[in-house]
Amino acid sequence: MLDCTVLPKIKRNVLLNPGPATTTDTVKYAQVVPDICPREKEFGAVMKELGESLVKIAHGSTDTYTAVLFCGSGTLNIDACVNSLVPEGKKILILNNGSYSSRAVDVCRYYHINHIDLKSSYTKPIDADTVAEVLHQDTDHEIAVVYCCHHETGTGVLNPIREIGKAAHDHGCTMIADTTSSYAMVPINLETDNLDFIMASAQKGIMAMTGLSFVIGNTKMLEESKNYPTRSYYTNLYMQYSFIRDKGEMHFTPPVQTIYAALQGIKEYFAEGEQAKWKRHQAIWKELVQGAEKFGFKPLINKEFQSHLVLALLYPDDPNFTFETMHDSLYAKGFTIYPGKVSDFHTFRLCSLGAIYPEDIKAFWQAMKEILSEMKMTIPIQYNT
Ligand SMILES: *Cc1c(COP(=O)(O)O)cnc(C)c1O
């Protein structure tokens with residue numbers, strides 16, 4: 001590996017958008033490797049270590065779970081799970097309380113998969129009892145799969161996947177959770193959280209580069225999916241799984257350099273430690289909340305429902321406010337903020353992902369103070385309601 005202490009420092013930006021996240025220089029430089037053909041044994045060993053580590057992060061045993069890697073952004077995982085895990089003649093129940101679970105509904109529509117779009121409030125977590133009730137009423141057992149987004153990144157609402165997973169399993173269903181924006185941040189345990197399939201991509205919790213996504217699935221269920229209807233070629237989960245099982249390689253060209261960076265990210269993940277990392281994300285979130293409260297920004301979501309990873313703030317009603325001006329001024333100072341993702345509300349988001357620290361947030365609010373004054377905005381922040 002390159003010795004980063006003798007390499008040029010790379011300009012550090014504090015990304016408060018919901019991924020890709022700020023990375024360390026050691027992760028950035030981990031991409032600079034001798035050229036290698038990914039079909040070489042040497043790279044096979046890298047892939048094996050990567051797959052096993054990804055399962056380990058979710059406390060799974062490699063006897064029971066397998067990581068299935070893909071080259072693409074996180075949405076590819078949603079596509080692969082939804083298109084590959086619904087047996088012939090069965091339905092998938094999508095618990096929809098945000099823009100990411102809506103994406104799973106869209107995947108069903110595109111592939112003409114029989115589904116139930118169980119909508120609930122975007123500003124509250126899904127109620128596990130309601131899910132249990134819906135499943136209870138499915139007396140013919142038409143529903144074979146339950147799908148839930150763990151952390152709705154658009155709003156910052158955290159859903160009770162353990163309770164939902166229990167309800168799914170009590171009904172004999174496969175449980176899929178989109179953990180893209182919680183994996184390697186909120187501690188997840190595949191077994192005790194009642195999860196059969198989870199997913200994430202390298203640029204979020206493991207704080208590495210874009211382009212590598214992965215599904216971690218129950219191996220027995222992956223095997224069982226062999227005879228399920230095939231609805232996609234490139235994103236068929238069983239095809240990719242069986243290729244990795246037999247050859248230890250991804251079916252098509254993997255994102256080689258991104259994989260080296262991901263391994264470095266994982267090394268840093270274990271060095272920091274699951275609990276310490278989760279504490280750090282929460283400490284950042286606390287700084288975000290305190291600053292927001294100090295200026296009078298109003299959150300979209302009640303505190304008790306928040307993930308501690310995303311803080312969605314309502315647009316001020318101050319006539320001098322425009323998101324673009326605020327964004328551009330902060331960007332010029334090295335801070336990236338992000339618009340919201342809920343059509344009924346105008347919000348912007350501040351996220352606690354990535355290799356950032358509470359001191360960064362203190363500096364962020366200092367920059368915000370200067371910008372609010374330049375924008376001639378009233379403090380405390382003005383709201384009409
Ligand atoms: C980031 C994210 C995804 C993947 O989005 P891409 O734009 O494809 O990277 C999926 N689900 C959730 C909950 C996410 O936060």
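The values are calculated or read from the model by the stated rules, or taken from the named source; none is laboratory data. Owing to the predicted nature of the structure, the values given are computational and were not obtained by experimental measurement. Quick reminder, even Gly has a Cβ in these numbers, built from the backbone with ideal geometry, and neighbours come from all protein chains shown. Ligands, DNA and RNA are excluded from the accessible area calculation, which covers all protein heavy atoms including side chains. Shrake-Rupley method; radii C 1.70, N 1.55, O 1.52, S 1.80 Å.
May I ask you to derive the FRET efficiency for Thr130 and Cys37 from their Cβ-Cβ distance with R0 = 51 Å, giving the value to the nearest 0.05?
According to the calculation, E is roughly 0.50.
Scale the Cα Rg of the chain by the rule-of-thumb value 2.2 N^0.38 Å and send over the ratio, two decimals.
1.01
Projecting each Cα onto the charge dipole of the chain (Lys/Arg +1, Asp/Glu -1 at the beta carbon, about the Cα centre), which of Phe348, Ile371, Tyr315 comes out farthest on the positive side?
Ile371
Leaving out ligands and nucleic acids, and using a 1.4 Å probe, what accessible area per residue does the range 274-374 come to in Å²?
Accessible area per residue: 46 Å².
How many angstrom lie between the C-alpha centres of the range 322-385 and the range 194-268?
35
Which links in Lys9/Lys279; Lys124/Lys376; Lys56/Lys294; Lys298/Lys362; Lys28/Lys294; Lys9/Lys267 stretch past 30 Å when you go from one Cα to the other? Before the final figure, lay out the partial values.
Details: Lys9/Lys279 27 Å; Lys124/Lys376 34 Å; Lys56/Lys294 40 Å; Lys298/Lys362 18 Å; Lys28/Lys294 35 Å; Lys9/Lys267 20 Å.
The pairs that break the limit, which is 30 Å between Cα atoms, are Lys124/Lys376; Lys56/Lys294; Lys28/Lys294.
Which FRET efficiency value, to the nearest 0.05, is calculated for Arg109 and Arg12 with the Förster distance at 45 angstrom and r the Cβ-Cβ distance?
0.65
Share of the chain's accessible area from carbon and sulfur, percent, 1.4 Å?
It is 52 percent, rounded to a whole number.
Which of these, Ile361, Ile116, Ile164, has the largest mean-square fluctuation under a Gaussian network model of the chain (Cα springs below 10 Å)?
Comparing Ile361, Ile116, Ile164 in a Gaussian network model of the chain, the most mobile one is Ile116.
Stretch Asn302-Tyr234 to full length: gain in nm at 0.36 nm per residue minus the Cα-Cα span?
20.5 nm
Determine the gain in length on full extension of the stretch Lys279-Ala332; use 0.36 nm per residue of separation and subtract their C-alpha separation, reporting nm with one decimal.
Separation in residues times 0.36 nm, less the Cα-Cα distance, equals 16.2 nm.
When ligands, DNA and RNA are left out and all protein chains stay put, how many square angstrom of accessible area per residue does the range 26-270 have with a 1.4 Å probe?
Solvent-accessible surface per residue comes out at 39 Å².
State the volume of the convex hull built on the alpha-carbon positions of the range 117-220, expressed per residue in Å³ and rounded to an integer. Don't skip to the answer; put the middle values down first.
Numbers: hull volume 11.4 nm³, N = 104.
Normalising the Cα hull of the range 117-220 by residue number yields 110 Å³.
Looking at the range 26-270, what % of its DSSP beta bridges pair antiparallel, to the nearest 5?
45
Let me test this: with uniform point scatterers at the alpha carbons of the range 274-374, what is the Debye-based log₁₀ I(q)/I(0) at q = 0.10, 0.14, 0.16, 0.20 1/Å?
-0.26, -0.51, -0.67, -1.07
Along its principal axes, what span do the Cα atoms of the range 58-192 show, with the longest given first and each in whole Å?
Computed over the range 58-192, the largest-to-smallest principal extents equal 36, 32, 29 Å.
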